[in-house]
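Participant: Below: one structure in structure tokens.
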Amino acid sequence: MTSDSALNSQRVFKKSSPNNKLTLYLDSRDLVVENGSIDKIQGVLHVDSECLENKKLFGQVTLTFRYGREDEEVMGLKFCNEAIMSLAQIWPLHCNLEREPNTALQDALIKRLGTNAFPFHLELTPLAPPSVQLVPAKQYHGAPIGTSYDVRAYIAERADEKVSRRNTVRMGIRVLQGPGKSSAIPPVLPPSPHRTLSTLAHHNVLRLKNKAKLDTDEKCRAKNEEIENVEPAPPRATVEKPFLLSDGRVELEAWLDKATYSHGESIAVSVVISNHSSKTVRRIKALVVQHVDVCMFSNGKFKNVVALVRGTGTPVLPGQTFTDTYTLIPHKGVTKNWIALEDSYSKSGASLASTVLCNSDSPEDRNVFAIYVSYYVKVKLTLSAMGGEVSVKLPFTLTHSCINEAPTDSVTEEATHKMILEGKENSEEEDSKAETEKDKQNNNGVNENQATTFGDEAEVKSPEDHRCVADVLVNIENKMCERPKKFEGQTEVRTAKPNQEELDLIVKYPGSDT
């Protein structure tokens with residue numbers, strides 16, 4: 001049993017339909033694919049009782065793959081494809097399907113929301129491509145390009161019925177690639193006994209066989225755990241470059257400190273250069289390259305440099321040996337040529353996409369909706385006197401060290417900003433009501449405080465534009481009284497700038513100031 005304190009610290013994501021008849025609650029918006037398995041989508045739907053008359057409640061997960069800019073879609077042309085990855089009838093339950101047990105969080109939500117709350121479970125295939133965004137080189141503010149997912153719930157008579165957006169609730173989710181481990185080695189069974197044994201000997205052999213099998217399974221299980229805990233060897237490569245018209249060669253050896261890195265972690269690249277030629281190594285570069293492969297297009301391959309360091313120990317003269325270590329930190333930086341970022345719920349703050357690789361090298365196994373991302377460190381040497389270049393590549397994996405590490409919030413029935421994370425879509429009518437209430441508040445504020453008649457969007461002018469304040473006041477009084485105003489005593493010329501209160505009380509005279 002889960003304690004109440006654990007439930008009160010559980011984060012819940014909430015979103016309502018435009019007509020506020022349907023509300024969706026999810027315990028998590030991130031699905032992690034790891035070791036051939038994927039997390040399930042678990043949540044609760046709260047429906048208005050009037051909407052369920054002679055209708056059914058459906059839920060689905062939709063994959064959207066956008067391969068073009070939204071602002072270039074004209075005359076009904078769409079640059080996106082949609083695929084339904086999972087579809088389920090939430091209420092009433094289908095007779096052929098077994099109902100999965102509710103989680104402790106679902107039971108708590110049902111208890112607080114009432115009888116019109118229905119739990120649901122949606123499951124995706126582990127082959128679902130991870131969520132990846134592609135950022136074009138030109139400035140773009142439309143729908144994200146790449147692979148994205150969302151959970152949709154709607155009320156209809158049939159699953160394939162066309163439903164209006166007002167009766168549908170949608171919440172975006174992400175499919176993330178987790179840090180996978182090596183597959184387990186199949187257990188090795190002991191050889192079978194000889195068939196010419198007697199019955200008693202055969203019985204004893206079977207008993208010993210079962211015991212040996214249990215021992216072997218335990219040893220294999222322990223061995224598999226050891227293999228899973230062992231990290232892969234760091235990448236290491238050596239290359240030599242001979243020359244056609246001169247003797248000797250240049251040797252370059254480079255290696256990384258490990259094979260898997262998490263986001264924000266620094267990469268240490270060790271380099272050893274042995275110059276056994278008459279050439280001179282003029283420049284040394286160490287860079288991290290992101291390689292993007294869009295499977296839907298044959299020419300959808302892009303490369304971007306996400307980290308760069310220039311060596312300081314050059315030049316390396318003939319006969320010398322140079323050793324150094326460079327530190328690289330991959331980051332997004334300036335938007336480049338279709339750089340791959342992780343799908344984000346906000347327009348800013350997206351990080352580089354994690355490594356996404358195909359399970360096999362066969363072209364038939366490639367997912368047409370997938371965007372494969374890989375990283376490698378490239379060390380490049382530039383030689384003198386038409387010596388060319390020497391380079392070596394060290395591939396590595398970039399992934400998350402821990403997912404869903406955000407602080408938790410308590411679950412409450414009321415939709416407060418501190419307790420429940422809301423993502424409510426306002427309809428056109430609600431937007432107009434909000435604008436009307438805002439205008440009323442502005443009008444009330446003007447009547448109470450006797451402020452200016454200019455709106456909030458009016459441009460506030462600087463005091464230099466009000467240099468004829470005294471003349472404006474004199475002209476207004478002359479027009480109202482239809483006679484010139486006589487001043488007694490000496491006229492004081494104001495040289496100080498007027499304060500904001502005086503500027504707010506002045507209505508500029510429409511005529512000429514002179």
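Participant: In region 17-52, which residue that is of a type in the set (K, R) and surrounded by 17 or more Cβ atoms within 10 Å (Cβ to Cβ) is farthest from P129 (Cα to Cα)?
Facilitator: Looking at residues that are of a type in the set (K, R) and surrounded by 17 or more Cβ atoms within 10 Å (Cβ to Cβ), I get K21.
Participant: For region 22-42, how many residues meet the condition of being within 28 Å of N167 (Cα to Cα) and out of contact with any strand residue (DSSP E or B) (no Cβ under 7 Å at 6 or more places or on another chain)?
Facilitator: The number of residues fulfilling the criteria is 1.
Participant: Still on this structure, please answer the following. Taking the conditions exactly as written (within 21 Å of P235 (Cβ to Cβ) and in a loop (DSSP other than H, G, I, E, B)), does N359 satisfy them or not?
Facilitator: Yes: the conditions hold for N359.
Participant: For region 225-301, list the strands (runs of 3 or more DSSP E) that sit wholly inside it and hold at least 3 residues that are more than 30 Å from T147 (Cα to Cα) and open to solvent by less than 60 Å² (accessible area, probe 1.4 Å); which are they?
Facilitator: Once the strands (runs of 3 or more DSSP E) in region 225-301 are filtered for at least 3 residues that are more than 30 Å from T147 (Cα to Cα) and open to solvent by less than 60 Å² (accessible area, probe 1.4 Å), what remains is 236-242, 249-256, 267-275, 281-294.
Participant: For E98, work out the one condition from (1) of a type in the set (D, E, K, R); (2) under 24 Å from the mean Cα position of the chain (by Cα); (3) in a loop (DSSP other than H, G, I, E, B) it doesn't fulfil.
Facilitator: If we test E98 against (1) of a type in the set (D, E, K, R); (2) under 24 Å from the mean Cα position of the chain (by Cα); (3) in a loop (DSSP other than H, G, I, E, B), just (2) comes out false.
Participant: Another question, then. Could you tell me whether region 86-94 includes any residue that is over 25 Å from the mean Cα position of the chain (by Cα) and within 24 Å of R11 (Cα to Cα)?
Facilitator: There is at least one residue in region 86-94 that is over 25 Å from the mean Cα position of the chain (by Cα) and within 24 Å of R11 (Cα to Cα).
Participant: Within region 153-172, which residues are more than 21 Å from F369 (Cβ to Cβ) and open to solvent by 30 Å² or more (accessible area, probe 1.4 Å)?
Facilitator: E157, R158, A159, D160, E161, K162, V163, S164, R165, R166, N167
Participant: Can you find, within region 105-128, the residue that is surrounded by the most Cβ atoms within 10 Å (Cβ to Cβ) among those that are farther than 21 Å from I173 by Cβ and of a type in the set (G, A, S)?
Facilitator: Among residues in region 105-128 that are farther than 21 Å from I173 by Cβ and of a type in the set (G, A, S), the one surrounded by the most Cβ atoms within 10 Å (Cβ to Cβ) is A108.
Participant: Is it the case that region 143-152 has a residue that's within 28 Å of the chain's Cα centre (by Cα), basic (K, R), open to solvent by 80 Å² or more (accessible area, probe 1.4 Å) and closer than 30 Å to C51 by Cα?
Facilitator: Among the residues of region 143-152, not one is within 28 Å of the chain's Cα centre (by Cα), basic (K, R), open to solvent by 80 Å² or more (accessible area, probe 1.4 Å) and closer than 30 Å to C51 by Cα, which makes the answer no.
The values are calculated or read from the model by the stated rules, or taken from the named source; none is laboratory data. From a predicted model like this one, the values you see are computed outputs, not experimental measurements. Because the Cβ atoms are built from the backbone with ideal geometry, glycine has one as well, and the counts that use them run over all protein chains shown. Just so you know, the surface numbers come from the protein's heavy atoms only, side chains and all, with ligands and any DNA or RNA stripped out. Shrake-Rupley method; radii C 1.70, N 1.55, O 1.52, S 1.80 Å.
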